[in-house]
Every structure is written in structure tokens, then in C-alpha cells.
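Participant: The structure is given below, and queries will be raised subsequently.
The values are calculated or read from the model by the stated rules, or taken from the named source; none is laboratory data. Here the structure is a predicted model, which means the values were calculated and not measured. No Cβ is skipped: glycine too gets one built from the backbone with ideal geometry, and neighbour counts run over all protein chains shown.
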Amino acid sequence: MTQSVLLVAVTALLTWLVMKWFRSAPDRPKPLSAQESEAERAKDVGTRLDGARDRASDVEVERNRLALAKAVKAALWVTDARLNAAVPELLRMAQLWAGKSDARGEKWTPPNGVTDIEGLDHPAKPWASWSFDGHHWRIDALLQPSALPEEIEGDVGTYKVLVDRQLVLDMTISTEDPQLLWVDALTVGPWVSDLLAFSGARTSDAKARSSARSATKNQKRADNIHWS
């Protein structure tokens, strides 16, 4: 009798434990349909792509920041060196050389050491080239109206400097100032000091000749003035 009661109690306890375990166990996930499985895979792919885009965006932002800093540094360097003023001035002088060297019946002596003078005095696309001190120089310009006349008055000029047929400077300036607008290419090297020295010497020579001519004309005028 005791054994029967004990057996019933043990059976009831085991049944209670089994029922409690089943109730507490998490529900098993239902198998997904083919459409639901594809949707989950697409969601995972989208999440991975979003992460890749975020990382790529961060890299692009950093690249743009570095590129902008480099462009600003180049612009400051060109302005400090006054290449934005020296290059257009040298192009105008070289065009005068080219015009005089092509003029027939006119005896003209080029600047000392300057050879192979060529050029074109075009209103929109002027250029000039010459050789000096073992190097070949060329300056090309593209002059056109400003695309933002309310911000930039006058024409905009793009100037390219080539030394031994290698591009060393590509800049855009406002032709009125001349204010530097941006720099597309710059190679820093000895050519900068060579160009500035060459341009300065030619400018000084031109001013000296102009002063001498003015002095001669003034002297002739003075000789024709007589006081009674």
C-alpha cells in the first residue's frame, strides 16, 4: 500500500516537472518560407552595404579635406611668389618679342641670351615660347568671360607654364586684379626663381629703355624752347 502511494507521488512529481519544463522552454522558431528567407538575406546584405558606404564616405570626406588643404596651400604659395602677376606680364613681353621677330624689314635684337622666339597674339588664346639658359619656356593662356560676373569682374584667364615641355603651373586668375582664383597643377622647383629673375630683368630693361626714350624726347623738347 505504501509503495503504491509512493509510486503515484513520484509519478505525479515527474509529470509536473516535465510539464513545467515544456512550459518554460522557448518556442521553437517556425521554419521560414522561401520569400521570408530571401527577405532576411536581403536585409543582411543591405546592412553590410550600409556599413561599407559609411566607411567609404568617411574615406572620401578625409580625401576631400586633404585635397582642399593641398589646394589652399598651393594657392597661398603661388600668391606669395607673385606668379599670378609675373606670368601674365612675362607672356605680354614675350608676345612683343614674337611680333618684332616676325616683322619684316625691321631690324630688332632680342634680349641677351633669348632664342627660338615664337608666339601668337590671339585675343582669347595667346601664347609665347622661347629658349633661355639651356631651357625651353612656353606660356599658354585662355582668356574668357567670367561664368560668375556678379562675383568676378572682367575676364578669367587660365595660364599654363611649361618648362622643357613639362607642365609646371596651371592656374586661373581674374585678369582685372590679377587675383588668383585657383591652382590646378603646380610643381615647385628651381624654375620659379628662374622665371621671376628672368621676368624681373626683362621688365627692368624695358623700363630703362622706356626711361631713356622719354629722356631723349624731353631733351629734344627742351632744346626747342628758348627764353628771350
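Participant: Return yes or no: is ASP140 without any contact (Cβ under 8 Å) to a residue 60 or more places away in the chain, assigned to a strand (DSSP E or B) and either under 15 Å from VAL78 (Cα atoms) or of a type in the set (Phe, Trp, Tyr) (or both)?
Facilitator: Considered against the rule, which asks whether it is without any contact (Cβ under 8 Å) to a residue 60 or more places away in the chain, assigned to a strand (DSSP E or B) and either under 15 Å from VAL78 (Cα atoms) or of a type in the set (Phe, Trp, Tyr) (or both), ASP140 comes out as no.
Participant: Please enumerate the residues belonging to region 121-138 that are more than 17 Å from SER199 (Cα to Cα) and either loosely packed, with under 14 Cβ neighbours inside 10 Å or modelled with pLDDT under 90 (or both).
Facilitator: Answer for region 121-138, where residues must be more than 17 Å from SER199 (Cα to Cα) and either loosely packed, with under 14 Cβ neighbours inside 10 Å or modelled with pLDDT under 90 (or both): ASP121, HIS122, PRO123, ALA124, LYS125.
Participant: Give just the number: which of (1) within 14 Å of TRP77 (Cβ to Cβ); (2) buried (at least 17 other Cβ atoms within 10 Å of the Cβ); (3) without any contact (Cβ under 8 Å) to a residue 60 or more places away in the chain does LEU186 not satisfy?
Facilitator: (3)
Participant: Return the residues of region 64-78 that are crowded, with 16+ Cβ neighbours inside 10 Å and either at pLDDT 90 or above or within 17 Å of ASP177 (Cβ to Cβ) (or both); say none if nothing qualifies.
Facilitator: ALA75, VAL78
Participant: Separate question: Got a number for residues in region 77-98 being of a type in the set (Phe, Trp, Tyr) and closer than 18 Å to ALA185 by Cβ?
Facilitator: Of the residues in region 77-98, 1 are of a type in the set (Phe, Trp, Tyr) and closer than 18 Å to ALA185 by Cβ.
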